[in-house]
Structures are given as C-alpha cells and as structure tokens.
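A short worksheet on the structure shown next.
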Amino acid sequence: MISERPPIQIRSAELIGALSHALDLTEGQPRGHCSRVCWMGMKLGKAINMPRYELSDLYYTLLLKDLGCSSNAARICQLYLTDDLKFKADFKTIDGSLSQALRFVLSHTGLESSMLDRIRAIVNIMKNGGEISRDLIEARCHRGADIARQMGFSDNVADAIQNLDEHWDGSGKPEGKVRREIPVGSQVALLAQVADVFFISQGQEAAIKEVSLRSGTWFDADLVEVFLGMSQLDEFWELLKSDDLEQRIMTLEPEEHIRLADQDYLDRVAKGFAMVVDSKSPFTAGHSERVAVFADLIAEKMGYEPSRRRWLRRAGLLHDLGKLAISNQILDKPSRLTEAEYAVVRTHPRISGEILAGIPAFKDIVPMAAGHHERLDGKGYPFGLYGEQISLDTRIITMADVFDSLSADRPYRKAMPIEQVLQIISKDLGKAFDERCFEALIKALQQTNLKAA
Ligand SMILES: [Fe+2]
Ligand SMILES: [Fe+2]
C-alpha cells in the first residue's frame, strides 16, 4: 500500500545518479559511464577553478549529458540499417576524421541487410553524410536540453547539454561553435566522455593518448594539460573502477548548492525520463505519459486517494524505462519478431525494475514497473507471477498499458478503434487482466468522452 511520504530528505544527486544508468543503456555504454564522467569532470572543473555555483551546474550536466540520446535512435537504425546501441558505442571511439568516418560507415552500415539495401544506404550516407550526422546530433542536443529544462535544471545545464558535441576548433556539430563560444561545461563533459569511452574499452594509456591527440582540435590545449596532470596519478583511474564510486559521486556536489528532491521534483524527474523513453521510437511517442494519465483515471474511478494516484502516475511514466536497453532494430521492426528478438523484448520490465530499485525514493513503484507485463494466469513475463502475487496497483498499470498499446500505431499494425481495443481486452479478463480495472477504465472513458456513452 502506497501512501504520501512525509517531506523526507531525498538528494537530487541520488535520484539522478541512479537514473543516469538508464542513459548509459541507451548509449550502449557499460554501466556507470555517466557516473565515471561525473567523477572525472568534477575533478577537472575543480582543477580549473570553476566557481562553486558553476560546479553545481556542471555536476548535473555530467550526469545528464545524454538526456537526448534516445531521440536519434530510430533514425540511426533507419539510415544505417543497424543496431543503434552498438552504433552509438562505437561512434564515440572515432575522431571525426574523414578516413575514420568512412571506415566506420563501411563497417557499420547494413551488415545484416541485403547487398542492394546495404549499397543504397552507404551511397546515401556518403552523399549526405555531413548533413545526416549534423541532423542526428542536433536532434539529440536539442531534445536533451529541452528535457533538462522540463526537469527544472538551469539554462546553464541545458546549454551545456545542447553544446556537448561542439569542438574547440569549430569542427564540431551542430553549429560549429569555436573556442569560448562553447560553454565550459560542454568542454569538460566531452573530454571526460572521450576519456571514459577509451578507458573502459582500451585502458588508461589509451584514454590519455586519445585525449592528447585531440588537444587543440576537439579540446582546449590548456584543459588537456590540466587533465594530463591529473591523469598521472594511478588512484585517479583506480577510483573509476571502485565499487563505491556511486557513493563518492554524492560527495562531489558542492555542499552549499545541494539540491533536495520534494514531491514536485520527483514528478518532474519522472516526466523527464518518460520523455527520454518515449523519444526512442516513433511508435511509442507519448506512450508513457498516456499510460500515466490512464492509470490515474482508472485509479480515480476505483476510489484511490490523490496521494496514491500520484505514485501510480510516476509508475506509468517510468514503467518502460528498460526499453532504453533494447535496440530500435527490434522495437521498430515492421514484421514479426523472431523468438530470440522477443526474448530480448521480454527483458525490459525487469530492467525497469532494476534501475528503479537503485532509488530508495522510488522503491514503491518497482513492482509496478517490473510487473506490468505479468498476467493473472501466470503466463506473463518476466517472472510469471500469478493471481494475488500481482498487486492491484500493478494491475492498474497493466490495464493502462495494454489499453494505450492497442489503441496506438505499432510498427506491424495500425491503431485499433477504441471499441475493438476494449473487446480484445474483455476477452482476457480474469486470465490476463483484472475485471475491476477494466470497469474503472470504461467509466473513465465514458466520462472523458473518449468512448461513446
Ligand atoms: Fe512494457
Ligand atoms: Fe508500456
């Protein structure tokens, strides 16, 4: 049973740190990428004497730099006929030179497609490559900045996220800004990102070498000098692999600027991450937000208190967080999924639950997110729970989810009329879905005129 909590002291850093793992998944990065970037970036920010209020913004820029990452995933799959997660991870390792870019395109485009489709895609990228990558980066940067603003972060944080891919010498994207036109937060975040990608994939020496090679081109030579000074110490790298890195990151937020999360803040963060999830695929645009609305309407009709409905809305917003770990090659596939692909899809509620379990403030919504594809007869996934093992709260999320999924376009079929959706759901009452939730949904639809009375 969920109840409104007293105003407890939840640190924003704890919440955002845990949710940043969802962004790591979307970027195809090993868990903890954003945390490691935060650690390195804060060390760098302090070493260049950034004022403490700027360090506070830098802290959240580093954790949230990839907020817009899901917005170009579908387009990457479509253009490059490839797995967006692997593409994104590998793309971070190239330096933007023409020879590396060409090699990257040839080795990543349409590897599993027919020869004709592959050639068509490669020719398109060769012809329009500059514009394509600018558009992809622009979509990502703008969306990231928008979501940061919606979550209540300052313009400094939003601007730093927006300019993440600009380079010191003007060779970056999307605007080709140069030198001091680029916010310091963006410069620090990009340097730390490059260092971590190479550190995790190839080790400490490779990270140092790669950052040095980009001195004066991607990065300000002075900033690189400071980084090289810090990187001589072995403990700098050892800490990045330590088990308590998450805890240590909490200590890096400037004390006098520590942000606490009240109930409104929890709502804004849930909404922001719902936007990340919903941006991933054109077929799920707005899905999480609608599930939150339908869950709320159903709960209202079932007599839930406003404070409990608030938690159901948050569960609706975050239930599909785990989809960020799934390639759009599967999510947007226009034909039937293979058994192996379907097995991947079935992992997403478990991943949603695992990410949310890292946030004590959200522990009540873990069962709802992890259990939204369970069925009363035990034939659901991922755990095969049945009957009373599935709480009423979870059943409400399930009803809201299936109703929205059936009434929206899918890669393999068009949206169904509401009457047909309700008919399909009614056939599974008692087997998959709870009858009381269904009745409440009908009442809510009648009241909102979505369905003819
Ligand atoms: Fe789902
Ligand atoms: Fe869903």
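Classify region 230-350 as rounded, prolate or oblate from the Cα gyration tensor: take a ≥ b ≥ c as the square roots of its eigenvalues, call it rounded if a/c is under 1.5, otherwise prolate when a/b beats b/c and oblate if not.
oblate
Can you give the extra length, in nm with one decimal, that the chain gains between T338 and K427 once fully stretched, where that is 0.36 nm per residue apart less the Cα-Cα distance?
29.5 nm
Kindly identify region 263-448 as rounded, prolate or oblate by the Cα gyration tensor criterion: order the square roots of the eigenvalues as a ≥ b ≥ c, call it rounded if a/c is under 1.5, otherwise compare a/b with b/c, prolate if a/b is larger, else oblate.
In terms of gyration-tensor shape, rounded.
A 20 angstrom limit on the alpha carbon distance is what I want to check against. Which of K333/K414; K46/K209; K241/K271; K65/K280; K43/K241 exceed it?
K46/K209; K241/K271
So if R0 is 41 Å, what FRET efficiency would K86 and E305 give, r being the distance between their Cβ atoms, rounded to the nearest 0.05?
0.35
Arranged by the count of other C-beta atoms within 10 angstrom, fewest first, what order do C34, C437 take?
The most exposed by this proxy come first: C437, C34.
Going by a ≥ b ≥ c, the root eigenvalues of the Cα gyration tensor, does region 178-253 fall in the rounded group (a/c under 1.5), the prolate group (a/b larger than b/c) or the oblate group?
Cα axes put region 178-253 in the oblate bin.
How would D434, D169, D66, D243 line up from fewest to most surrounding beta-carbon atoms within 10 angstrom?
Fewest-to-most Cβ neighbours within 10 Å comes out as D243, D169, D434, D66.
Could you please rank M399, M250, placing first whichever residue has the fewest other Cβ atoms within 10 Å of its Cβ?
With the fewest neighbours first, M399, M250 line up as M250, M399.
Quick check: residue separation of M230 and R346 times 0.36 nm, minus the Cα distance between them. What number comes out in nm?
Gain in length upon complete extension: 37.4 nm.
Given a cut-off of under 8 Å on Cα pairs at least six residues apart, what relative contact order in percent is computed for region 263-448?
Result for region 263-448 is 22 percent.
About its Cα centre, how strong a charge dipole does region 263-448 have in debye, to the nearest 20, once Lys and Arg get +1 and Asp and Glu get -1 at the Cβ?
With Lys and Arg at +1 and Asp and Glu at -1, about 220 debye.
Quick note: the coordinates plus some simple rules give every number you see, no bench work behind them. These numbers were taken from a predicted model, which means no experiment stands behind them. Counting neighbours? That spans all protein chains shown, and the Cβs are built from the backbone with ideal geometry, glycine included.
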